[in-house]
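The values are calculated or read from the model by the stated rules, or taken from the named source; none is laboratory data. If you're wondering where the values come from, they're calculated on a predicted model, not measured in any experiment. Every residue, glycine among them, receives a Cβ derived from its backbone with ideal geometry; neighbour counts consider all protein chains shown.
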Amino acid sequence: MFATGGRWNWSLLLGVSNPTNRSALTNLPQNKVVAHLDQPVRKSAPDPAVKQSVSLPSRIAKRVRALAETRHTTASRVLVDLIETGLQTKQAQHDRFFELTDQLAEAKDPAERKRLQEELARISCCK
């Protein structure tokens, strides 16, 4: 519908009657972002992949393959997603711990200090 001959029909997508009319293009709300509508958007270069061999217990490997099949992707992609999620979670826990220590250092109310100490103890013992 919007693509013709392998190229996008930008006039249909953007609602511009004459795409060569520069004044029509400058009235678009995206005019600060869109430079040339006829050129495809280029993504930045992805991080170079590093081949890494990992041994997984068979029960985990089965779960990874099942997830990959469900998501219609590869087991490698599932592993990358799981690792990224795990790393983000660990970073969030780290940030939360230091946020609580800062709050504890600034807290004056004994009840608030006790609550923060208990939460820090719970976070620390369950890592």
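One table, with the values for the structure above:
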{"quantity": "Total residues in segment 53-89, condition assigned to a helix (DSSP H, G or I), of a type in the set (Val, Ile, Thr) and touching a residue at least 24 places away in the same chain (Cβ under 8 Å)", "calculated": "0"}
{"quantity": "Odd one out for ALA61 among (1) small (Gly, Ala, Ser); (2) farther than 30 Å from PRO48 by Cα; (3) surrounded by 13 or more Cβ atoms within 10 Å (Cβ to Cβ)", "calculated": "(2)"}
{"quantity": "Filtered residues of segment 95-112 (kept if part of a helix (DSSP H, G or I), free of Cβ contacts under 8 Å to residues at least 12 places away in the same chain and surrounded by 12 or more Cβ atoms within 10 Å (Cβ to Cβ))", "calculated": "GLU112"}
{"quantity": "Test result for ALA35, small (Gly, Ala, Ser) and modelled with pLDDT of 95 or more", "calculated": "no"}
{"quantity": "Members of segment 113-127 that are of a type in the set (Lys, Arg) and not in a helix (DSSP H, G or I)", "calculated": "LYS127"}
{"quantity": "Count of residues meeting criterion [surrounded by 12 or more Cβ atoms within 10 Å (Cβ to Cβ) and either farther than 19 Å from SER53 by Cβ or in contact with an Asp or Glu (Cβ under 7 Å, 6 or more places away or on another chain) (or both)] in segment 70-85", "calculated": "1"}
